[in-house]
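Let me begin by presenting the structure, written as structure tokens, before commenting on it.
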Amino acid sequence: MSESFVETSIDPPVRGFLDQPASLSGQGLILTHGAGGNAQMALLGALAEAFAGAGFTVLRCDLPFRQQRRFGPPRPAEAARDREGLKNALGAMRNMVSGRVFLGGQSYGGRQASLLLAEHPVADGLLLLSYPLHPPGKPDRLRTEHLPRLRVPTLFVEGTRDPFGSMEEMESARKLIPAKTELLIVEGAGHDLGFKGKAKREELPAQVLAKFRELFSL
């Protein structure tokens with residue numbers, strides 16, 4: 001696997017790290033981060049390594065809000081531009097691979113990916129890592145209104161101690177999606193899926209890859 005930095009001149013720019021496999025499968029995967037992270041998050045790096053090892057071309061990209069400032073969460077007014085950034089990343093990936101292209105993201109990044117694909121099905125599938133189903137302690141504020149319009153196969157990866165949604169709530173949310181879905185449960189993990197600081201769940205990337213390949217018959 002080889003890693004290189006990429007940045008385009010399109011607006012919003014596509015900026016991040018491209019992980020190229022030693023042996024190409026023709027499949028592409030775009031991964032993006034949560035509200036407090038960036039493209040260099042340990043979770044995204046570990047997943048990129050696993051997927052590139054299986055032949056995927058992987059792009060870990062900074063959302064436009066993170067390109068504007070190194071720290072701090074996104075603002076509501078920036079969400080549409082973040083989705084445009086993901087759309088541009090998908091376009092860039094389609095110029096690099098001949099097969100299917102998938103979109104994935106952790107927390108906020110995953111939510112923006114799902115909102116984009118609910119409006120424009122421009123990817124072949126979705127990987128949602130710690131989807132923020134509702135704010136912690138506010139189960140009445142569900143972020144599910146767009147899920148009935150999501151028509152691409154979707155893999156959810158959720159920790160059992162995630163305050164943004166219980167497993168029961170996630171199962172209910174999955175039923176709103178008319179496409180095929182799967183849920184990979186990570187026992188004892190919180191919103192970070194066990195990747196916090198130097199802590200890592202060494203077995204998780206392989207488990208995500210296996211479940212992903214099963215869902216998409218890869």
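Here is a list of conditions, (1) more than 16 Å from Pro205 (Cβ to Cβ); (2) in contact with a helix residue (DSSP H, G or I) (Cβ under 8 Å, 6 or more places away or on another chain), and Ala46 meets all of them except one; can you say which number that is?
(1)
Report whether or not Glu171 is in contact with an Asp or Glu (Cβ under 8 Å, 6 or more places away or on another chain) and farther than 21 Å from Leu86 by Cα.
Details: in contact with an Asp or Glu (Cβ under 8 Å, 6 or more places away or on another chain): no; farther than 21 Å from Leu86 by Cα: yes.
The answer is no for Glu171.
Cβ-Cβ under 9 Å, sequence separation 6+ or interchain: first residue in the range 155-169 and farther than 21 Å from Pro205 by Cα, partner of a type in the set (Val, Ile, Thr). Which pairs?
Ser166/Thr160
If Phe102 satisfies every condition in (1) within 14 Å of Leu126 (Cβ to Cβ); (2) in a helix (DSSP H, G or I) but one, which is the exception?
Unmet for Phe102, out of (1) within 14 Å of Leu126 (Cβ to Cβ); (2) in a helix (DSSP H, G or I): (2).
Pairs please, first residue from the range 88-102 and among the aromatic types (Phe, Trp, Tyr), second anywhere and part of a loop (DSSP other than H, G, I, E, B), Cβ atoms under 7 Å, 6+ apart in sequence or on different chains.
Every condition considered, the pairs that remain are Phe102/Ala123; Phe102/Asp124; Phe102/Gly125.
Within the range 110-218, considering only strands (runs of 3 or more DSSP E) that don't extend past its boundaries, which have at least 2 residues that are surrounded by fewer than 19 Cβ atoms within 10 Å (Cβ to Cβ) and on the phi < 0 side of the Ramachandran plot?
Where strands (runs of 3 or more DSSP E) fall fully within the range 110-218 and carry at least 2 residues being surrounded by fewer than 19 Cβ atoms within 10 Å (Cβ to Cβ) and on the phi < 0 side of the Ramachandran plot, they are 181-186.
Output the number of residues of the range 77-90 satisfying the condition of being modelled with pLDDT under 95 and within 19 Å of the chain's Cα centre (by Cα).
Result for the range 77-90: 1.
The values are calculated or read from the model by the stated rules, or taken from the named source; none is laboratory data. Because the structure is a prediction, the values reported are computed rather than measured. No Cβ is skipped: glycine too gets one built from the backbone with ideal geometry, and neighbour counts run over all protein chains shown.
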